[in-house]
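The values are calculated or read from the model by the stated rules, or taken from the named source; none is laboratory data. What you see is a predicted model; the values in this text were computed from it and never measured. Cβ: placed from backbone, ideal geometry, glycine included. Neighbour counts: every protein chain shown.
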Amino acid sequence: MNVFEYLDQSNVHYSVSEHAPTYSAQVMAAEEHEKGQYVAKPVIVKAEGNYIMCVLAAPDKVIFDKLRDYLGTEDVMLASEDETRAIFPDCEEGAEPPLGRLYGLRTILDSALEDDDHIVFQAGLHDRAVRMSMSDYLALAQPEIVDFAYRPERRI
């Protein structure tokens, strides 16, 4: 099942936009005329042999020590590109959507995103973005909400 089939079957309201191909969440934010804080990017980590999707805002970075503390293990590292490709066979590399449940992944959302009114993310393709309300995203993704990211820019 691809991203759009999943969204349609989930009965959530969303919109799709097309833009020039982008290869980072921050560049996609610019293409979509969105603040980076509303554009979500998934980072796949491996903890004790299990893959976990960590979802954070485009300009933010994972603080691995916070993630290790939350997960209760020192064995947390980025998944390799080969591992990520295998998890997301229907997506262009680097355009994975932050929908861990679609791929059987535990999902952790950085707490900075929780109170935003909407979320924008790549739809498995470098030239498509999905926009939906945060409440619909939270209902669909059912993420654990954790403070695990470094935020280089001040949120207003």
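Pull up the stretch 74-100, narrow it to residues that are surrounded by fewer than 20 Cβ atoms within 10 Å (Cβ to Cβ) and in contact (Cβ under 8 Å) with a residue 40 or more places away in the chain, then point me to the one that is farthest from V55 (Cα to Cα). Among residues in the stretch 74-100 that are surrounded by fewer than 20 Cβ atoms within 10 Å (Cβ to Cβ) and in contact (Cβ under 8 Å) with a residue 40 or more places away in the chain, the one farthest from V55 (Cα to Cα) is D90. Please determine, by comparing only the residues of the stretch 8-29 that are at pLDDT 90 or above and farther than 18 Å from E92 by Cα, which one is surrounded by the most Cβ atoms within 10 Å (Cβ to Cβ). This residue is Y14. Checking L67, L71 one by one, the residue that is under 16 Å from M53 (Cα atoms) and in contact (Cβ under 8 Å) with a residue 60 or more places away in the chain is L67 and no other. Just one residue in the set P98, P152 is assigned to a loop (DSSP other than H, G, I, E, B) and more than 19 Å from E5 (Cβ to Cβ); that residue is P152. Over 24 Å from L7 (Cβ atoms) and surrounded by 17 or more Cβ atoms within 10 Å (Cβ to Cβ), is that true of A123? For A123, the condition - over 24 Å from L7 (Cβ atoms) and surrounded by 17 or more Cβ atoms within 10 Å (Cβ to Cβ) - is not met. Taking A40, is it of a type in the set (A, V, I, L, M), crowded, with 19+ Cβ neighbours inside 10 Å, on the phi < 0 side of the Ramachandran plot and modelled with pLDDT of 90 or more? Criteria met by A40. Only one of the listed residues (L125, L138) is more than 17 Å from C54 (Cβ to Cβ) and either touching a residue at least 40 places away in the same chain (Cβ under 8 Å) or touching a helix residue (DSSP H, G or I) at 6+ places or on another chain (Cβ under 9 Å) (or both). That residue is L125.
Can we say L67 is aliphatic (A, V, I, L, M), surrounded by 20 or more Cβ atoms within 10 Å (Cβ to Cβ) and either modelled with pLDDT of 95 or more or part of a loop (DSSP other than H, G, I, E, B) (or both)? Considered against the rule, which asks whether it is aliphatic (A, V, I, L, M), surrounded by 20 or more Cβ atoms within 10 Å (Cβ to Cβ) and either modelled with pLDDT of 95 or more or part of a loop (DSSP other than H, G, I, E, B) (or both), L67 comes out as yes.
The set of residues in the stretch 101-122 being in contact (Cβ under 8 Å) with a residue 60 or more places away in the chain, more than 16 Å from A57 (Cα to Cα) and part of a loop (DSSP other than H, G, I, E, B) consists of L105 alone.
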